[in-house]
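Structure, as structure tokens:
A short reminder: the numbers here are calculations on the coordinates, not readings from a lab. As the structure is a prediction and not an experimental result, all values here were calculated from the model. All Cβ positions, even for glycine, are placed from backbone atoms using ideal geometry, and neighbour counts span all protein chains on display.
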Amino acid sequence: MHLIELFDQHKKVSRLKAFGVATRQHQRLTQCPLCRTLVWTHPVTGRFLEPLSVSRCQVCQLEFLNPRMTAAEYRTFYETTYRTIVKPTEEILGQAQHSSQYLGHKIAEWITRVMPERPSGSLLDIGCGDGIIGATIASDLGQQVVGLDPNPQDCQQAREQGIDIREGSFESLPKENFAGILCIRTFDHVLEPIRGLQQLAKRLVPGGWMWIDILETTKNRERFGPVGFWKIDHPFYWTEQTLRQTLMCTGWRVLDHGYASKTLYGAICQPKA
């Protein structure tokens, strides 16, 4: 069934316009956040038919919404709009190819194969949602996990399952250091990825590692088409190349990379010495 048949689009567009491109023209970027090259911007239509605009760097090929929401707007969006509009759509569409637990087992097996010797200590699961994937990975690796998510309702749901979770985001990390970091289905939602990756490297103990993944742009565009592909809650659109390039430019070395599902591309990495 088509998205337009699933939801009342008029109500969605009306609510999303409060966060849309027309309200933030003064925030439009003229340079690529990664390589500082001048960019050209063009209008697109979002998944819920909301008007957006996108820039693509002609040098590094990074694509991003331009203008994007501010941090305050993004926080309000997640508190008031994301759970009621966007998240139910993801669940109906089956955004993940596999169930949360299956994906967690698969990622844990991958981490174990690439890094059989790992530091002990807790893991940090950023943007954990209900926490099931991170809890599955931590259990398989024999470690504890601390969840971090900006949505109070998701945090409550995770607590009801006995998961140690705190309200926060990629931009507001806990002060302590961790043995490993999980960034699962989260990096696509991050407003300031360059600064965020630089900060994450400082939150690992010696020998610590990170799993990070993206909905790979090329494959995801093939799946959803020109309208369903763009999303107001995805500030950046990553490819295999742009993710690895960004990791290297922000102080990370990639140990292994590949697909955890049909469109979910991930990498295991460590801070450069």
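Just one of (1) more than 11 Å from Ile212 (Cα to Cα); (2) touching a strand residue (DSSP E or B) at 6+ places or on another chain (Cβ under 8 Å); (3) not small (Gly, Ala, Ser) trips up Arg244, so point out which.
(1)
Test Thr250 against the stated conditions and say whether it is of a type in the set (Val, Ile, Thr) and farther than 24 Å from Glu176 by Cα.
Spelling it out, it is not the case that Thr250 is of a type in the set (Val, Ile, Thr) and farther than 24 Å from Glu176 by Cα.
Could you tell me which residue of region 119-144 is nearest to Ala158 (Cα to Cα), considering only residues that are among the hydroxyl-bearing types (Ser, Thr, Tyr) and not in a loop (DSSP other than H, G, I, E, B)?
The residue in question is Thr136.
State whether one or more residues within region 218-225 are in contact with a Cys (Cβ under 9 Å, 6 or more places away or on another chain), surrounded by 15 or more Cβ atoms within 10 Å (Cβ to Cβ) and under 30 Å from Pro51 (Cα atoms).
No; the residues of region 218-225 include none that is in contact with a Cys (Cβ under 9 Å, 6 or more places away or on another chain), surrounded by 15 or more Cβ atoms within 10 Å (Cβ to Cβ) and under 30 Å from Pro51 (Cα atoms).
Are any of the residues in region 175-188 in contact (Cβ under 8 Å) with a residue 24 or more places away in the chain, in a loop (DSSP other than H, G, I, E, B) and surrounded by 23 or more Cβ atoms within 10 Å (Cβ to Cβ)?
yes
Pick from region 226-244 the residues that are of a type in the set (S, T, N, Q) and surrounded by 17 or more Cβ atoms within 10 Å (Cβ to Cβ): which of them is farthest from Arg47 (Cα to Cα)?
Thr242
For Gly208, work out the one condition from (1) buried (at least 21 other Cβ atoms within 10 Å of the Cβ); (2) out of contact with any helix residue (DSSP H, G or I) (no Cβ under 8 Å at 6 or more places or on another chain); (3) closer than 25 Å to Pro51 by Cβ it doesn't fulfil.
(3)
Going through region 157-174 one residue at a time, which ones are among the aliphatic types (A, V, I, L, M) and not in a loop (DSSP other than H, G, I, E, B)?
Answer for region 157-174, where residues must be among the aliphatic types (A, V, I, L, M) and not in a loop (DSSP other than H, G, I, E, B): Ala158, Ile165.
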